[in-house]
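Undergrad: After the structure tokens below, expect a handful of questions from me.
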Amino acid sequence: MSVLIENFDVFAGGFWLTFQACVLAAIGALILGAVVAVLRISPVPPLRAVGTAYVNVFRNMPLTVVLFFAAFGLPALGSNADFLRIPVLDSIFSRLGTDLPYFRFGVIALVLYTAAFVCEALRSGVNAVPAGQAEAARSIGLTFGQNLRYVVLPQSWKASVVPLGSVIIAMIKNSALIGFFGVVGDLAQTADQLTSAEGYPFIPVAIGISAGYLIMTVPLGAMLDRLEKRQAVAR
């Protein structure tokens, strides 16, 4: 326990940076995944092909490969990757104090990778909606967008929320990899710093790092279990 107490501020800093990366990546993945899901169920064949190609590529590609290209490929496309500087994101990063080297590249990699699984979770919810609902909406003259907005998506959300939560939990655990691709100060980098650079024993450091991830995943998992039980009772 002495290792954890003496380095509590280091662990807290690593946890805070990892937490910020996970929150930003979760928001981005939910938005991008929803867009890809709409493409996947679109009645326009080229749009469906784009959505299918995206899911097949990122779902079957190791996260380490995505992180590698994000960390070393994106900076090579432009000077300091200025083309990735979006005013809204820059404002968020500056307020959080997380505009660190490669931080945005790690977040982008998590977003791109996780969005493919978000898409499939949303699509599974859409498939759970009876086909007659969509056909009835079309019969009264609703467009594809109106059909999604007013009929399909509101009903599919209940079936999608638990799989989406599982995807976010997996993303939080996957975020442990971003520290090995240049994101300095996250939980993974904290473990490497304390064990390699400062010579602390591995076991207590690993316990501290594991506790940080459990703080993020256990409450979310408990909430998902509660939602799943509520849905089972409702049925």
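Undergrad: Can you give the accessible area per residue of the range 117-164, in Å², using a 1.4 Å probe?
TA: For the range 117-164, the per-residue accessible area is 56 Å².
Undergrad: Ok, one more. At a Förster distance of 25 Å, what's the computed FRET efficiency of Q146 paired with V23, Cβ-Cβ distance as r, to 0.05?
TA: My answer for the efficiency is 0.20.
Undergrad: Taking the full set of protein chains and a 1.4 angstrom probe, give the accessible area of F68 in square angstrom, rounded to the nearest 10.
TA: Ignoring ligands and nucleic acids, F68 comes out at about 110 Å².
Undergrad: A further question follows. Arrange the residues M1, M61 by how much accessible surface each exposes, largest first, with a 1.4 angstrom probe.
TA: M1, M61
Undergrad: With θ set to phi - 60° and the Karplus curve 6.51 cos²θ - 1.76 cosθ + 1.60, what are the ³J(HN,Hα) couplings of the range 108-123 in order, to the nearest whole Hz, using x for Gly and Pro?
TA: Those phi angles translate into 4, 4, 5, 5, 4, 6, 6, 4, 5, 6, 4, 4, 5, 5, 5, 5 Hz.
Undergrad: Continuing with this model, one more query. May I ask for the net charge around Y54, where only other residues with Cβ less than 15 Å from the Cβ of Y54 are counted and Lys, Arg are +1 while Asp, Glu are -1?
TA: Net of charged neighbours comes to +3.
Undergrad: Also, I was wondering about something else. Around A134, what is the net charge, scoring Lys/Arg as +1 and Asp/Glu as -1 over all other residues with Cβ under 15 Å from its Cβ? Can you show the working numbers first?
TA: Values: positive: R40, R123, R138, R149; negative: E135.
It works out to a net charge of +3.
Undergrad: If you roll a 1.4 angstrom probe over the protein chains with everything in place, what fraction of the accessible area of the range 137-205 belongs to carbon and sulfur, to the nearest %?
TA: In the range 137-205, the share of accessible area belonging to carbon and sulfur is 63 percent.
Undergrad: If you don't mind, there's one more thing I want to ask. Can you put I5, I108 in order of accessible area, largest first, using a 1.4 Å probe?
TA: Greatest to least solvent exposure: I5, I108.
Undergrad: By how many nm would the segment from D9 to V35 grow when fully extended, if each residue of separation counts as 0.36 nm and the alpha-carbon distance is taken off?
TA: 5.4 nm
Undergrad: A follow-up question, please. Given the whole protein assembly as supplied and a 1.4 Å probe, what does the accessible area of I41 come to in Å², nearest 10?
TA: 50
Undergrad: Please work out how much accessible surface E198 shows to a 1.4 Å probe, ignoring ligands, DNA and RNA, in Å² rounded to 10.
TA: Approximately 90 Å² of E198 is accessible to the 1.4 Å probe.
The values are calculated or read from the model by the stated rules, or taken from the named source; none is laboratory data. Not measured: the values here are computed from a predicted model. Here the Cβ is made from the backbone with ideal geometry for all residues, glycine too, and neighbour counts use every protein chain on show. Please note that ligands, DNA and RNA were not included when accessible areas were found on the heavy atoms of the full protein model with its side chains. Shrake-Rupley method; radii C 1.70, N 1.55, O 1.52, S 1.80 Å.
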